[in-house]
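Take a look at the structure below.
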Amino acid sequence: MPYSAAPSRLLFILSFAAVYIIWGSTYLAVRFALTGFPPFILVAMRYLVAGLLMLAFCILKRERFLSLPVFGLQALSGILMLVGGTGMVAWAEQYITSGQVAVLIAAQPLWFLLLDKANWQKYFSDKFIISGLLIGFIGIVLFINLGEHEAKESSMKLIAMIGVQIGAMLWVVGSLVTKKHKGSSSVIMNSSIQLVAASLFSALIAFCAGEFRAFEITTIPLNAWLGMVFLITFGSLIAYVAYIWLLGHVAPALISTYTYVNPVVAVILGWLMADEKLHSGQLLGLAVILIGILLVNVTGYKQALSKKQAA
């Protein structure tokens, strides 16, 4: 999927739907997969299969391979995002609830505002973007706090919360690296290198953590395999590629609003498919989140309307 100078509106809609909805559904898939796979073995296998499939596709199409400098930067961005970001979240959930993690991860758009210096003028000169991000963050706090989540009391709670923020920053840094150094290769080629690099690094962590010692592939239940298949196909092959593609066409802080929607999708799917509780008060939080998302995109809507009227 090479970068296009004028991508269609439908492609933008489908890509945002992937990062908003599919990534939200991966919370439930991870829950199923963890019944049979240790966390870093799960991550390593998921990324390795998806990465090799993408790489094979690129080889069959005889796509141009990355130059050595770009190869190194894409591998680095994959490790930062997929190991530093996602891996830190998995580690932190041993000590704090998924709801608390969701609130912390929802601060990711604010990290984009602070770290994406190239777009500071665009971000800070647009009152709709700033107000939308802040309102969306308030919405996710309301959504979580108005639900009845059991708190985990742990002496590691503060360290885990700091760890999640470090992971969010690493994800942001990795996203900015891949946005600025995409080279002339396709999105799928770049994504394959990121996934394979993250897989190898995750496998190293799993080895150092001793996960392989107690791992028996013959004892993995069907639900865990189904979760793994979903994560590979929808989470990595579709949603992750959509995210990398969006980074080449949209300001990162706008893309990162998926962190407001993902927890909502996760809770609703948990209610529908895993008998988890959904509380009426959370609907207020959902409404506030949607208002925030609409505000973030007001300027884009206005520009699209102006172009349509001028045509």
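The values are calculated or read from the model by the stated rules, or taken from the named source; none is laboratory data. All of these numbers come straight from a predicted model, not from anything done at the bench. With ideal geometry, Cβ positions are generated from the backbone for all residues, glycine too; neighbour counts draw on all protein chains shown. Quick note on the areas: whole protein, heavy atoms, side chains included, nothing else; ligands and nucleic acids left out. Shrake-Rupley method; radii C 1.70, N 1.55, O 1.52, S 1.80 Å.
The figures follow:
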quantity	calculated
Meets criteria (without any contact (Cβ under 8 Å) to a residue 12 or more places away in the chain and open to solvent by 60 Å² or more (accessible area, probe 1.4 Å)) for L48	no
The one condition in (1) surrounded by 24 or more Cβ atoms within 10 Å (Cβ to Cβ); (2) at pLDDT 95 or above; (3) out of contact with any Gly (no Cβ under 6 Å at 6 or more places or on another chain) that A198 fails to fulfil	(3)
L28 assigned to a helix (DSSP H, G or I) and either over 22 Å from V89 (Cβ atoms) or open to solvent by 80 Å² or more (accessible area, probe 1.4 Å) (or both)	no
Single match in L110, L73, L53 (criterion: under 28 Å from G300 (Cβ atoms) and in a helix (DSSP H, G or I))	L110
Contacts under 8 angstrom Cβ, first residue in the stretch 236-248 being closer than 16 Å to T86 by Cα, partner basic (K, R), 6 or more apart	S236/R46
Boolean, A160 is over 17 Å from L42 (Cα atoms), open to solvent by less than 30 Å² (accessible area, probe 1.4 Å) and in contact (Cβ under 8 Å) with a residue 12 or more places away in the chain	yes
Hits in the stretch 211-269 (condition: of a type outside the set (F, W, Y) and in a loop (DSSP other than H, G, I, E, B))	E211, R213, A214, E216, I220, P221, G248, H249, V250, A251, S256, T257
Of the criteria (1) surrounded by 21 or more Cβ atoms within 10 Å (Cβ to Cβ); (2) modelled with pLDDT under 90, which one I22 fails	(2)
